[in-house]
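Remarks on the structure that follows.
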Amino acid sequence: MQRSVLTSLWWTYGSVATNGLLQILFLAFASRFLGPKEFGTVAICLILNSSIRVLLQSGIERLVVWSKALSEDLLRTIMWLSVSATGLACAAIVAASFAVTYKHENPEIFGVLALYMAAIFVNTLGLTSRGVLRREMKFRSLSIIDIVSYGLGYFAVGLLLAMKGYGAKSLAFAAVAQAVLQSAMLVKARPIFPWGGLDFLGLKSTWKFGAGLSAVGLLEFLDTQIGPIFISRFLGLEALGLFNRAYSLAQLPLEQIGVSLTRVLFTPLSAARGDMNVVFISLRRPLALLSLGVFTAIACGAVAAPTIVLAVLGSNWMEAAPIFAAVCVGAGFAVVGNLVATVNEALGVVRRKFVAQLLVTSCFAICLLLFARSNILTVAILLTLSRAVFLISQIYLASAAMNRPQIDIYKIIIPSVLCACLSATSLYGVLHTPLISHLAPLPALLFAVCFSGFLLILFGAVVSSEFRFVSTTLLRKIGLLRGTQR
């Protein structure tokens, strides 16, 4: 199992690194052809798109992984229910989208929304197959499918249409192309034949878990989309496009790393949920390494925000720099919090997680109404604070579920916070020296990335025993260090 998990992590992180690079490159190129209004139009459609994905699809994969026994009839039942529910919901949203079109006086929204609904429906056709591949730890196949479908869908279709002047529809067509390729490859890798018997009795024993995950996913979706909905309502589409670009640039790299780790760990954690000591030991090292890398990255990213925005998005987007700095910190809290939340899901602590998420989302919405009616930066700061509260709540739930004091989890995270503070302070001082401050945006960005990596290694080796153990193990494996492993 340990070797299988490590192999899965290597493949998943390789896929994440490649996909993250592709997404950043596409974002950089597309920002040259599309403006804030086009991205604002897409952001409005993605709110509805994501609501369907979260409400009807978020629990399917994890339900397939979490179930103790699976038959072909049960898989067929799950597939048909998810496809039927998603199809009806997509049709209803397209039919009701005239209200959104009228509200924003932008007829392009209807066409873009219809394309995104088609994409999410096609994506559902391969969702159950993806869950089975994930249950069987076949992350190599999943990684290849994700990379190929995104690369062809967005670069061969989306970027070409953006250059041809299709505006927001170019991104929607890219999503459709990716969904078609992805679902076709998933079904080919693990076919589930649509005709045959159905097993509603088997589904009855696990539907509460899947429904709970969908309910929690809906609250998580609301928590992430309340900000964009609020900006769209009070500040307009251009402000929404500005926030959306800053949020995507900060969220994409960190979220992909966190999502890949939680996908891999959910399977062994679910299998070991009867032994809390095994669960804690399985969580300790991934949490230590993830928090070390993520907290250092967000601290350095916040310090280097103007350089990053100028190099990636261009000078027309410099207004997004302070927004990027704020949401970057919030993204880090969210990634680490989601890893701890994975433990709660694997242990079946879904109801308490739902209550905690409901409180966090409600407080965030109230604060937006009270303090952020005229300022995008205030929305970003409040979003970051809500992510910090989310992380604290998940630590509390995980410690209670594993029957361990909260300090045991905080001891894992605190060295990472210290490393992040030291790294950010050092990077800030170096970036403001005359030699570096006069560099062009791209060389300055490359220097910031390399120097941040150096600081991570330097301070990580000082403050984190887990980082020292992993580093020395890798050095021994490649023959650069001799000695016995502990």
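Got at least one residue in region 354-367 being within 20 Å of the chain's Cα centre (by Cα), of a type in the set (S, T, N, Q) and under 16 Å from residue 398 (Cβ atoms)? Yes, some residue in region 354-367 is within 20 Å of the chain's Cα centre (by Cα), of a type in the set (S, T, N, Q) and under 16 Å from residue 398 (Cβ atoms). Screening residue 371 against (1) within 19 Å of residue 230 (Cα to Cα); (2) modelled with pLDDT of 85 or more leaves a single unmet condition, (2). Can you confirm whether residue 209 is modelled with pLDDT of 70 or more, surrounded by fewer than 20 Cβ atoms within 10 Å (Cβ to Cβ) and more than 18 Å from the chain's Cα centre (by Cα)? For residue 209, the condition - modelled with pLDDT of 70 or more, surrounded by fewer than 20 Cβ atoms within 10 Å (Cβ to Cβ) and more than 18 Å from the chain's Cα centre (by Cα) - is not met. Per the conditions (1) among the polar types (S, T, N, Q); (2) within 22 Å of the chain's Cα centre (by Cα); (3) surrounded by 23 or more Cβ atoms within 10 Å (Cβ to Cβ), the sole criterion not satisfied by residue 170 is (2).
Checking each residue of region 62-79 against the condition of being within 17 Å of the chain's Cα centre (by Cα), at pLDDT below 75 and in a helix (DSSP H, G or I) gives at least one match. Take residues that are touching a helix residue (DSSP H, G or I) at 6+ places or on another chain (Cβ under 6 Å), among the hydroxyl-bearing types (Ser, Thr, Tyr) and within 18 Å of residue 80 (Cα to Cα) and tell me which of the helices (runs of 4 or more DSSP H) falling wholly in region 115-185 contain 1 or more. The helices (runs of 4 or more DSSP H) meeting that bar are 127-135. Considering (1) of a type in the set (A, V, I, L, M); (2) on the phi > 0 side of the Ramachandran plot; (3) without any contact (Cβ under 8 Å) to a residue 12 or more places away in the chain, the lone condition that residue 160 does not fulfil carries the number (2).
If I go through region 140-161 residue by residue, how many of them are touching a Ser or Thr at 6+ places or on another chain (Cβ under 7 Å) and within 18 Å of residue 119 (Cα to Cα)? Let's see the steps before the verdict.
Residues of region 140-161 that are touching a Ser or Thr at 6+ places or on another chain (Cβ under 7 Å), as a first pass: 143, 146-147, 158, 161.
Imposing the further condition that a residue be within 18 Å of residue 119 (Cα to Cα) reduces the set to 146-147, 158, 161.
Residues flagged as touching a Ser or Thr at 6+ places or on another chain (Cβ under 7 Å) and within 18 Å of residue 119 (Cα to Cα) within region 140-161 amount to 4.
Is it the case that residue 387 is touching a helix residue (DSSP H, G or I) at 6+ places or on another chain (Cβ under 9 Å), in a helix (DSSP H, G or I) and among the basic types (Lys, Arg)? Against the criterion (touching a helix residue (DSSP H, G or I) at 6+ places or on another chain (Cβ under 9 Å), in a helix (DSSP H, G or I) and among the basic types (Lys, Arg)), residue 387 qualifies.
Just wondering, is there one or more residues in region 238-255 that are under 30 Å from residue 287 (Cα atoms), under 23 Å from the mean Cα position of the chain (by Cα), of a type in the set (Phe, Trp, Tyr) and at pLDDT below 80?
Here is the first cut: in region 238-255, the residues under 30 Å from residue 287 (Cα atoms) are 243-255.
Okay, now just the ones that are also under 23 Å from the mean Cα position of the chain (by Cα), so 243-255.
Still in the list and also of a type in the set (Phe, Trp, Tyr): 243, 247.
Retained after the next criterion (residues that are at pLDDT below 80): none.
Within region 238-255, none of the residues are under 30 Å from residue 287 (Cα atoms), under 23 Å from the mean Cα position of the chain (by Cα), of a type in the set (Phe, Trp, Tyr) and at pLDDT below 80.
Is there a residue being in the same structural domain as residue 136 (by TED's automatic domain parsing), part of a loop (DSSP other than H, G, I, E, B), at pLDDT below 80 and exposed (fewer than 15 other Cβ atoms within 10 Å of the Cβ) anywhere in region 89-102? No, there is no match, as no residue in region 89-102 is in the same structural domain as residue 136 (by TED's automatic domain parsing), part of a loop (DSSP other than H, G, I, E, B), at pLDDT below 80 and exposed (fewer than 15 other Cβ atoms within 10 Å of the Cβ).
Checking residue 381 against (1) over 16 Å from residue 217 (Cβ atoms); (2) surrounded by fewer than 17 Cβ atoms within 10 Å (Cβ to Cβ), only one condition comes out false. Which one? Only one criterion is unmet by residue 381, namely (2). If you go through region 390-416 and keep only what is under 15 Å from residue 342 (Cβ atoms) and outside any helix (DSSP H, G or I), you end up with just 402. Take the conditions at pLDDT 85 or above, among the small types (Gly, Ala, Ser), closer than 30 Å to residue 238 by Cβ and assigned to a helix (DSSP H, G or I) and apply them to residue 332. Does it pass? So residue 332 fits the description; yes.
The values are calculated or read from the model by the stated rules, or taken from the named source; none is laboratory data. Note that this is a predicted model, so its numbers are computed, not measured. Cβ sites come from the backbone with ideal geometry, for glycine too, and all protein chains shown count toward neighbours.
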